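Since every read-out is calculated from the coordinates, none of them should be taken as a lab result. Please read all numbers here as calculations on a predicted model, not as lab measurements. Every residue, glycine as well, gets a Cβ built from its backbone with ideal geometry; the counts of neighbours run over all protein chains shown.
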Amino acid sequence: MSNVLVVTGLSGGGRSEFAKDLDDLGWYVMDRVPADLLVKMADLAGAPGTPWERVAFTLRPDSQQGETLQAIEELRSTVNGLQVVFLDCSTEVLVHRYENTRRPHPFGVDSGLEGAIEAERSSLEPVRSISDLVIDTSELNVHQLREKVDGLYGQAHDRPMRIAITSFGFKHGAPRDADMVLDCRFLPNPHWEEELRNLSGLDAPVQNFVKGQDLTEPFLTHLYGMLAVLLPAYVAEGRSFLSLAFGCTGGHHRSVAIAETVVSHLRKQGFDPLVTHRDINR
């Protein structure tokens, strides 16, 4: 491991979002690690043969006085270049965040929410004092926090847009997790062509039939134009994944042929989409 990061701080300060942003940047992230397991998990992550160059650990809330401090000091003695990030936040903002989520504070509520926050702040002050970087998230929304993480720990091309392309048959139901569903049933159905019926959209005769229809080219031209606008905009907003689904009646011919054509286009644009033909064998 050439880069090791430990992320700690106040509950509600943004550790989970910080971890998600690091993961999107290609870091190997172990989230909510108990302090007493930190050193052991770091040893495993840095063992010979492991592929991870950038590893981050986010620590669970420290309800035991000194656990986190002890674990970090022990890790510093064995890992060169360790950086500790402490996420701080004002009590007022933390109260607002907890009231919005209605989640219990890990330090309990016997003394009230503000009391629990201040108890944790006091407990973690020694950790804050030895941290390499303290980030106050009081006035940061998720987008601003992501930009800060990008600036601190990102590298060029760390956030490639990952694209999943799925073909399916409407008679089997549309994919529930698709960001965008496009209906290809406006195209003539190769099923009614006897010589194409037992083939699929992976076969050249079916692809030639589908791509040879009058509406196919303008449909693809408009789709490619839309993707040329959307993909950079999604990346700018911090999205790293997009799922496109193309449907026809059974999921054998038109949707498969169109999906393969779109995949080919995206690869020429420098993307590496994952393609799944969900219903092709049904």
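Taking only the alpha-carbon positions of segment 144-225 and ignoring solvent, what does the Debye formula give for the base-10 log of I(q)/I(0) at q = 0.12, 0.21 Å⁻¹? Cα-only, vacuum Debye calculation for segment 144-225: -0.57, -1.13.
Dividing the summed helix terms, -39500 (n - 2.57) for each DSSP H run of n ≥ 4, by the number of residues in the chain produces a 222 nm estimate of -12500 deg cm²/dmol to the nearest 500.
Derived scalar couplings between HN and Hα for segment 262-276 equal 5, 4, 4, 5, 5, 5, 5, 8, x, 8, 10, x, 8, 10, 9 Hz in order, rounded to whole Hz, by the Karplus curve 6.51 cos²θ - 1.76 cosθ + 1.60 (θ = phi - 60°), x for Gly and Pro.
Axis of helix 112-130 versus longest Cα principal axis of the chain: the two differ by about 80°, to the nearest ten degrees.
Computed from the C-alpha gyration tensor, the three semi-axes of the ellipsoid equivalent to the chain are 50, 21, 17 Å, from longest to shortest.
In this calculation the C-beta distance from Ser240 to Lys211 is compared with R0 = 25 Å, giving a FRET efficiency of 0.25. Computed from point charges on the beta carbon alone (+1 for Lys and Arg, -1 for Asp and Glu), the dipole magnitude for the chain about its Cα centre is near 880 Debye.
In degrees between 0 and 90, to the nearest 10, how far off the longest principal axis of the chain does helix 216-236 point, with axes built from Cα atoms? The angle comes out at about 10 degrees. Put a dot 7 Å past the Cα of Glu118, heading toward its Cβ, do the same for Arg32, and the two dots end up 2.9 nm apart. Straight-line cross-link reach from Lys148 at under 16 Å between alpha-carbon atoms covers these lysines, not counting any fewer than eight positions away in the same chain: Lys20. Amide hydrogen proximity for Thr276: with H placed 1.01 Å from N in the peptide plane, the residues at 5 or more positions away or on another chain lying under 5 Å are Ile165, Thr166, Ser167.
When the chymotrypsin sites (Phe, Trp or Tyr not before Pro) in segment 75-159 are filtered for DSSP coil states and for at most 10 other beta-carbon atoms within 10 Å of their beta-carbon, no site remains. Its Cα gyration tensor gives segment 36-162 an equivalent ellipsoid, and the semi-axes of that ellipsoid, as √(5λ) in whole Å with the largest first, are 28, 21, 13.
Loop-resident trypsin sites (Lys or Arg not before Pro) (DSSP state other than H, G, I, E or B) in segment 43-129 with no more than 14 further Cβ atoms inside 10 Å of their Cβ: Arg102. As an exercise, identify the GluC sites (Glu not before Pro) in segment 48-95 lying in DSSP coil whose Cβ has no more than 16 other Cβ atoms within 10 Å. Of the GluC sites (Glu not before Pro), the ones in loops of segment 48-95 whose Cβ has at most 16 other Cβ atoms within 10 Å are Glu53. A straight line joining the Cα centroids of segment 58-103 and segment 128-198 runs 30 Å. In terms of overall dimensions, the C-alpha atoms belonging to segment 162-277 reach 47, 27, 21 Å along their principal axes, ordered largest to smallest.
By the rule of a C-alpha distance below 24 Å, with chain neighbours fewer than 8 residues away ignored, the lysines paired with Lys211 are Lys171, Lys268.
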